[in-house]
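Enquirer: My questions will all concern the structure given below.
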Amino acid sequence: MPSRMRLEDRECPLSTTVQHVGEWWTLLILHDAFDGYTRFDQFQRNLDISTSMLTTRLKTLVADGLLERRPYQDKPVRYEYVLTERGRSLRPVIVALAAWGNLHLAPEERSMVLVDAASGEEVEPVLVDARTGRSLDDSEAFVFAAGPAASSAMRSRYAELGSGRRGGAGAE
């Protein structure tokens with residue numbers, strides 16, 4: 001699959017993340033992995049995906065370090081696909097995407113909800129700043145800025161955006 005990343009986006013964490021997990025089947029395979037599926041036939045049966053597409057997606061997930069391919073049987077050799085630490089770190093992203101989808105549905109239209117494993121009570125996931133506990137959904141209070149590895153183009157972009165947010169040049 002050819003890369004869809006624009007040259008100028010190579011340093012953007014959103015672009016690089018989407019390159020790893022933005023494909024339809026990838027998110028569904030990861031979701032199944034979070035639910036405990038590890039074997040090719042489990043993924044194939046649950047997702048009703050072609051063997052060639054599943055093989056391609058699993059190879060990519062392994063190459064990207066999100067899944068690890070491990071033998072679970074010797075004769076014949078058979079493999080399972082287990083989430084790596086890097087793969088497990090995507091769980092909050094998958095949870096947030098599912099929560100966003102459910103937010104736009106009536107409760108009776110939700111086919112899957114997140115619940116507390118101990119109580120069975122439905123939970124409402126939110127993304128918060130770990131330091132302050134404040135919700136990150138306020139795009140006025142929390143903004144992106146150039147990081148330490150930003151190129152001059154990225155620094156210029158966020159300098160321009162920052163001055164507009166502060167009422168300087170470019171503000172309306």
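Enquirer: With runs of 4+ DSSP H residues as the only contributors, calculate the mean residue ellipticity of the chain at 222 nm using -39,500 (n - 2.57) per run, divided by the residue total and rounded to the nearest 500.
Expert: Rounded to the nearest 500, the figure is -12500 deg cm²/dmol.
Enquirer: Then there is this: Please work out whether the chain counts as rounded, prolate or oblate from its C-alpha gyration tensor, where a ≥ b ≥ c are the square roots of the eigenvalues and a/c under 1.5 means rounded, while otherwise a/b larger than b/c means prolate and anything else oblate?
Expert: Verdict is oblate for the chain.
Enquirer: Rounded, prolate or oblate, given the Cα gyration tensor of region 27-108, with a/c below 1.5 counting as rounded?
Expert: prolate
Enquirer: Moving to a separate point now. Which distance in nm do the two modelled labels at residue 100 and residue 136 give, with both placed 7 Å along the Cα-to-Cβ direction?
Expert: Those two pseudo-labels are separated by 1.2 nm.
Enquirer: Using the Cα centre of the chain as origin and beta-carbon charges of +1 (Lys, Arg) and -1 (Asp, Glu), tell me which of 27, 101, 56 is placed farthest towards the positive end of the dipole.
Expert: The Cα lying farthest towards the positive end belongs to 56.
Enquirer: Would you mind computing, in nm to one decimal, how far apart the modelled labels at residue 17 and residue 48 are, each placed 7 Å from Cα along Cα→Cβ?
Expert: My value for the distance between the label points is 3.1 nm.
Enquirer: Could you provide, to the nearest whole Å², the per residue accessible area of the chain with probe 1.4 Å?
Expert: 74 Å²
Enquirer: Here's a follow-up. Only sites in a loop by DSSP and with at most 13 other Cβ atoms within 10 Å count here; which GluC sites (Glu not before Pro) in region 112-143 make the cut?
Expert: Sparse-neighbourhood loop GluC sites (Glu not before Pro): 121, 140.
The values are calculated or read from the model by the stated rules, or taken from the named source; none is laboratory data. It should be emphasised that the depicted structure is a prediction, and the values quoted were computed from it without experimental measurement. Quick reminder, even Gly has a Cβ in these numbers, built from the backbone with ideal geometry, and neighbours come from all protein chains shown. These area figures cover heavy atoms from the full protein model, side chains too; ligands, DNA and RNA do not enter into them. Shrake-Rupley method; radii C 1.70, N 1.55, O 1.52, S 1.80 Å.
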